[in-house]
Structure formats: C-alpha cells, structure tokens
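Student: Take a look at the following structure, please.
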Amino acid sequence: MRRQLEPVLVGRTLRRVEILDGRLTRPHDPRSVAAELAGERVASVERRGKYLVLRFASGRALLVHLRMTGGFRRGEASHLRATLRLDDGTDVRFRDVRRFATWRLFEPDEVDPYLAGQNGPEPLGTGFTARWLAARLAGRRAPVKALLLDQRVAAGVGNIYADEALWYAGVHPARAAGAVGPGELADVVRGVRRALRLGIERQGATLRDYAAPNGERGSMQDEFRVYGRAGEPCLRCGVPIAKTRVAGRGTCYCPGCQR
DNA sequence: CTTTTTCCCTGGACGC
DNA sequence: TGCGTCCAGGGAAAAA
C-alpha cells in the first residue's frame, strides 16, 4: 500500500480532507484533525511496523494504522470513512469495514519518539537477529507466538505471518518463548523474514475484499502454508494441520513438524 | 512485574 | 426466510 501511495501523494498538497467516521481520529476531534491536515504538503510516505507514515513538509506527520480492514483506494469505495482531495484534483479515499483503523496527527518532534516506542526492529532490516530475539525472549514463559506478535519484539508481524513464520521455522507456536534454543531462534528469524518478504511480494492476502490502492487484490492467500489450512495435510510432512488458540488468537500449526 | 482476558466493530458463515 | 451465535484479528485496557 505504501509503494502505491507514494507516487500519488508525494509532492501533493492536501486541498481538503473530509473525515466521515468520527472514530477514525480517536481520541481527537475529527473536524479539527481534518482542518489541521488541509494545506499540508506530503514530503514522504513511509512505513514503520504496521504504521503508514505520511510526513509533511511542515515536519508534522499523520500516522495511519489500518488494523484489519482499513485501506486507501483510488476510485470509488464502499465503507468510506475519509477522503483526501489533492491539489491535482485527485481524490484518495480511505475505507474501513470494521472501523478499527486510526489516523493520528503528530507534531514534528513527537512522531519519531512515538514510533520508536511502539516498534522494535524491522524484521527485514539488520536489527532483527537471533541475538535480539534471544535477549527479548529470555526467561519468558509466554508462548513464543505471543512474543512474535509483540510489536516491540518484531515490528509489523501479525497473526497470519506469525503462524507462517513458525511453520517455516518448525517451531510450535505454544512453546515457552524462553525455552526456544538459539538455533531455533535463527530459524524463527529466517521464517519471519521469509513470510513477510513473500507477503509484500504478493501484495498481501485478499481474504475477503482487501485490495491495493489501485484496486488490485493480493495473492498471498495462495502461499499460506498453515493459515486457514486446518485439517489439510502439511505441505512438509503430510500430517493434518491443527487449529487452536494461542495468545488469544486463532492459531494454525503442524503437529507433525513444529516442535 | 508478567500473562490472560475482554472489548471495540462489521459482516460472513452456520445452526435451527 | 429470518434470527441468534460464533468467528475473524490489532491493540488498548482491564483483570488475574
């Protein structure tokens, strides 16, 4: 989404911002956020963990969190929650079926400290290593999957990618985090990277109606090894994929080859 | 302190 | 067909 938004938004000035869903800017007043955004010129479109970061020439930044069903679209959209009207006449629409998404406007000196506090290392960057995981997981009795879902441990990893990553690594999602050995942690690092790289390559998974800003659907769902495959044979060992609940989330894994 | 549970929200799937 | 219930999941908040 960031990659498609970048050429559309960078260099453009927000002429008018319309926020239709008052929950979007919680806890702030949607009218004042819309008024503050109008006139801002987009300097860059970045991503940090699960946050989309629209940085403005003023130094301010809008942090957009899509949660489950949020997304930008060019062209018409159902479940419309906000519209950005640009100085070149185009409209960029924001839709969100379940209304979990958030928009929050930050002052110049506040945005980076906030992002740093919310997010650990980027899994596709250099800071996400077996050594880092070992430090963060040491002594923890919570399931390893729960730690992978902690954004301060691995920025951007969500439920589906955690399951996929642990399948690649051959590690059982309910294992006590502190009991996962150093060799396995290296496998987990590789698994997380592999799952996320594949997801980006395939432009995400379209489970219901997710689409990129240009309307194209993702194809990551065709690459799932465990997610949504409960009862089907494991692609590595043939044992039926199991589904359970770990860290409060639906969790798919292979009882045969994830230990 | 760590870990687990609840809640927010909508709509699709499913049972009766 | 219509209604009730469950499930999906990110993360804040509350509970344990």
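Bear in mind that the values in this text are calculations on the coordinates, not laboratory data. None of these values were measured; they are calculated from a predicted model. Please note: Cβ atoms are built from the backbone with ideal geometry, for glycine as well, and neighbour counts cover all protein chains shown.
Student: Using a simple spin-label model with points 7 Å from Cα along the Cα→Cβ vector, what separation in nm is obtained for A:Lys50 and A:Cys257?
Tutor: Simple spin-label model gives 2.9 nm for this pair.
Student: Let me ask something else about it. Can you pull the one-decimal nm distance between simple spin-label points at A:Gln221 and A:Arg16, each 7 Å off the Cα toward Cβ?
Tutor: Computed distance between label sites A:Gln221 and A:Arg16 equals 3.6 nm.
Student: Return the Cα extents of chain A along principal axes one, two and three, sorted largest first, each rounded to a whole Å.
Tutor: Computed over chain A, the largest-to-smallest principal extents equal 56, 36, 29 Å.
Student: Another one. Can you list the equivalent-ellipsoid semi-axes of the stretch A:157-216, largest first and in whole Å, using the square root of 5 times each Cα gyration tensor eigenvalue?
Tutor: Result for the stretch A:157-216: semi-axes of 28, 11, 7 Å.
Student: Taking Cα centroids, how far is the stretch A:146-170 from the stretch A:64-83 in Å?
Tutor: A separation of 25 Å, based on Cα centres.
Student: Right, something else. Which cysteines in chain A lack any other cysteine whose Cβ sits under 4.7 Å from their own Cβ?
Tutor: Result for chain A is A:Cys252, no neighbouring Cys Cβ within the cutoff.
Student: Top mean-square fluctuation among A:Asp29, A:Asp187, A:Asp163, Gaussian network model of chain A, C-alpha springs under 10 Å?
Tutor: A:Asp29
Student: Here is a follow-up. Contour minus end-to-end for A:Arg141 and A:Ala57, with contour as 0.36 nm per residue of separation and end-to-end as the Cα-Cα distance?
Tutor: Taking 0.36 nm per residue and subtracting the Cα distance, the gain is 25.7 nm.
Student: If you don't mind, another one. So for the stretch A:191-256, what percent of the C-alpha to C-alpha distances run longer than 18 Å? Intermediate results must be reported in sequence, preceding the final value.
Tutor: Numbers: 1018 of 2145 pairs.
Here the tail beyond 18 Å accounts for 47 percent of pairs.
Student: Let me ask you something else. Obtain the radius of gyration and the Kirkwood radius of the stretch A:1-88 from its C-alpha atoms and give Rg over Rh.
Tutor: On the way: Rg = 12.3 Å, Rh = 13.4 Å.
On the Cα set of the stretch A:1-88, Rg over Rh gives 0.92.
Student: May I pose another question? About the Cα centre of the stretch A:130-203, how large is the charge dipole given +1 on each Lys and Arg Cβ and -1 on each Asp and Glu Cβ? Please answer in debye to the nearest 20.
Tutor: That gives a dipole near 180 debye.
Student: If you don't mind, there's one more thing I want to ask. Give me the number: length gained by fully extending A:Asp109 to A:Ile200, i.e. 0.36 nm times residue separation minus the C-alpha to C-alpha distance, one decimal in nm. Present the calculation step by step, with values, prior to reporting the outcome.
Tutor: Numbers: separation 91, 0.36 × 91 = 32.76 nm, distance 3.01 nm.
Taking A:Asp109 through A:Ile200 to full extension adds about 29.7 nm, to one decimal.
Student: Suppose R0 equals 30 Å. What FRET efficiency, 1/(1 + (r/R0)^6) with r the Cβ-Cβ distance, do A:Thr126 and A:Ala176 give to the nearest 0.05?
Tutor: 0.60
Student: Separate question: Can you give the Kirkwood hydrodynamic radius of the stretch A:74-179 from its Cα pairs, in Å with one decimal?
Tutor: Kirkwood radius, the stretch A:74-179: 16.7 Å.
Student: Rounded to the nearest 0.05, what FRET efficiency is calculated for A:Thr244 and A:Val97 with R0 set to 25 Å and r the Cβ-Cβ distance?
Tutor: Details: r = 27 Å, r/R0 = 1.07.
Given R0 = 25 Å and the Cβ-Cβ separation, E is 0.40.
Student: State the answer as a single residue: which of A:Ser219, A:Thr244, A:Leu198 lies farthest towards the positive end of the charge dipole of the stretch A:192-251, with beta carbon charges of +1 for Lys and Arg and -1 for Asp and Glu, about the Cα centre.
Tutor: Value computed over the given set: A:Thr244.
Student: Go ahead and run the numbers for FRET between A:Met68 and A:Cys237, Cβ-Cβ distance against an R0 of 41 Å, rounding to 0.05. Each step should come with its number before you reach the end.
Tutor: Working: r = 31 Å, r/R0 = 0.76.
Calculated value: 0.85.
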